[in-house]
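Asker: Here it is: the structure, laid out below.
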Amino acid sequence: MRPQSFYFLTAIFMFFYMTFVPVIEAYSAIVDLDMTYSDYSNCRIWIEDSNHNRIAGDEKGDYHACDGSDGEFEEIDFPAQEYYVVAKVELSTRKQKVRGPFTGENCFEISGNVFSFSFDQINCQY
């Protein structure tokens, strides 16, 4: 194959790809982990779609430290669609907190302790 033919075919392929292949959009939810430090400050945070099916985030039983000791925040990426953000604290008698519906990128903060925790939307500063 001559170099001119190769360049011509490459240009056609690139034009076709950029014109007809859809762009996949994604959102991010950023959660500030600000619970009071203790042995029981474990939580899990996940994203649900409009039918309340889990689409991203922590799996069932996949608790991790939410006092900032593993990092100051958690970023969850997922496909662009209407979504809810859910937080649950391990060993807490309080129900899980559901926030939403949202579209676009949003930021949240989980704070408090195992007996009384809050999960609220905040202004994004990241």
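The values are calculated or read from the model by the stated rules, or taken from the named source; none is laboratory data. Values in this document were obtained by computation on a predicted structure and should not be read as measured data. Every residue, glycine among them, receives a Cβ derived from its backbone with ideal geometry; neighbour counts consider all protein chains shown.
Asker: For region 75-96: of the residues being of a type in the set (A, V, I, L, M) and surrounded by fewer than 14 Cβ atoms within 10 Å (Cβ to Cβ), which is farthest from Tyr63 (Cα to Cα)?
Answerer: Ala80
Asker: Could you check region 34-47 and list, in sequence order, the residues that are outside any loop (DSSP other than H, G, I, E, B), out of contact with any Leu (no Cβ under 9 Å at 6 or more places or on another chain) and modelled with pLDDT under 95?
Answerer: Asp34, Met35
Asker: Would you mind stating whether Tyr83 is within 22 Å of Gln125 (Cβ to Cβ) and of a type in the set (Ser, Thr, Tyr)?
Answerer: Answer is yes for this residue.
Asker: Would you please name the residue that is nearest to the chain's Cα centre (by Cα), looking only at residues in region 72-96 that are of a type in the set (Ser, Thr, Tyr) and at pLDDT below 95?
Answerer: If we take residues in region 72-96 being of a type in the set (Ser, Thr, Tyr) and at pLDDT below 95, then Ser92 is nearest to the chain's Cα centre (by Cα).
Asker: With (1) farther than 17 Å from Leu33 by Cα; (2) at pLDDT below 95; (3) crowded, with 18+ Cβ neighbours inside 10 Å as the list, and Lys60 as the residue in question, which single condition is left unmet?
Answerer: Here Lys60 clears every test but (3).
Asker: Within region 99-108, which residues are under 15 Å from Gly57 (Cα atoms), outside any loop (DSSP other than H, G, I, E, B) and touching a residue at least 24 places away in the same chain (Cβ under 8 Å)?
Answerer: Across region 99-108, the qualifying residues are Asn106, Cys107, Phe108.
Asker: Is at least one residue of region 43-50 loosely packed, with under 14 Cβ neighbours inside 10 Å, farther than 20 Å from Ser111 by Cα and of a type outside the set (A, V, I, L, M)?
Answerer: Yes: one or more hits.
Asker: Moving to a separate point now. Among the β-branched types (Val, Ile, Thr) and farther than 12 Å from Cys43 by Cα, is that true of Ile110?
Answerer: no
Asker: While we're looking at this one, here's another question. Just wondering, is there one or more residues in region 64-71 that are at pLDDT 95 or above and buried (at least 18 other Cβ atoms within 10 Å of the Cβ)?
Answerer: Within region 64-71 (the criterion being at pLDDT 95 or above and buried (at least 18 other Cβ atoms within 10 Å of the Cβ)), the answer is no, since none of the residues qualifies.
Asker: Could you grab me the full set of residues in region 53-98 that are touching a Phe, Trp or Tyr at 6+ places or on another chain (Cβ under 6 Å) and either basic (Lys, Arg) or not in a strand (DSSP E or B) (or both)?
Answerer: Arg54, Asp58, Asp67, Ala80, Glu90, Leu91, Lys97
Asker: With the requirement that a residue be exposed (fewer than 14 other Cβ atoms within 10 Å of the Cβ) and at pLDDT 95 or above, what does region 97-116 give you?
Answerer: Pro101
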